[in-house]
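The values are calculated or read from the model by the stated rules, or taken from the named source; none is laboratory data. A quick note: this is a predicted structure, and the numbers were derived from the prediction, not measured. When we count neighbours, we look across all protein chains shown, and the Cβ atoms used for this are built from the backbone with ideal geometry, even at glycine.
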Amino acid sequence: MECVDCHNPHAARGEPPKSGSTLLGPTLAGMPGVDMSGADIKAILEDVSDNLFNEDPYYQQGGDMVRVGGLDYVCDPNQGFGKRISDMTLDDGTKVEAEKKYMVAGWATVGSQSPGRPIWDVVADYLRDRKTIKIEKLNTPRLVGVESNPGISG
């Protein structure tokens, strides 16, 4: 997707840049977002991965990993909670730092209630305005330690 300013998704609204970097690379003008630390982003990814890969089947709630844009990371399903997610980098190769703040925008609420219009309305307007969408890079987590598991690596 195109963006007005990938490093300042608030530019189209005339707002100043938020602190830190934009995590979800190509953003839409008017997309609600929140500042989150790298540690918070990792914690969310760890929590979601635990729903899938917890050793105890009663804690496996199913679903799938969070789909992200602008972020690459490694997931090792064989590790325990808090150790599955590693090597988080932005699309430009910059390592995500635990204490640094990043702008995060999402389809669902990320953290607390997001300000602004519901994201599905923002996306619908964006898609109506454009006839063709070009995705520059598809961010897919790199799974490790699953090569012999056809249920995961397949």
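Just one of the numbered conditions (1) over 15 Å from the mean Cα position of the chain (by Cα); (2) modelled with pLDDT of 80 or more is not true of T89: (1). When the stretch 36-84 is filtered for residues that are part of a loop (DSSP other than H, G, I, E, B), in contact with a Phe, Trp or Tyr (Cβ under 7 Å, 6 or more places away or on another chain) and within 24 Å of K101 (Cβ to Cβ), only R84 remains. Of the residues making up the stretch 94-121, those that are modelled with pLDDT under 80 and of a type in the set (A, V, I, L, M, F, W, C) are A105, W107, A108, V110, I119, W120. In the stretch 113-153, the qualifying residues are those that are among the charged types (D, E, K, R) and either within 25 Å of L90 (Cα to Cα) or within 16 Å of the chain's Cα centre (by Cα) (or both), and the one that is surrounded by the fewest Cβ atoms within 10 Å (Cβ to Cβ) is K134.
The set of residues from the stretch 80-89 being surrounded by fewer than 18 Cβ atoms within 10 Å (Cβ to Cβ) and either on the phi > 0 side of the Ramachandran plot or touching a residue at least 40 places away in the same chain (Cβ under 8 Å) (or both) comprises G82, D87. Scanning the stretch 128-151 for residues that are closer than 17 Å to R67 by Cβ and hydrophobic (A, V, I, L, M, F, W, C) gives I133, I135, L138, L143.
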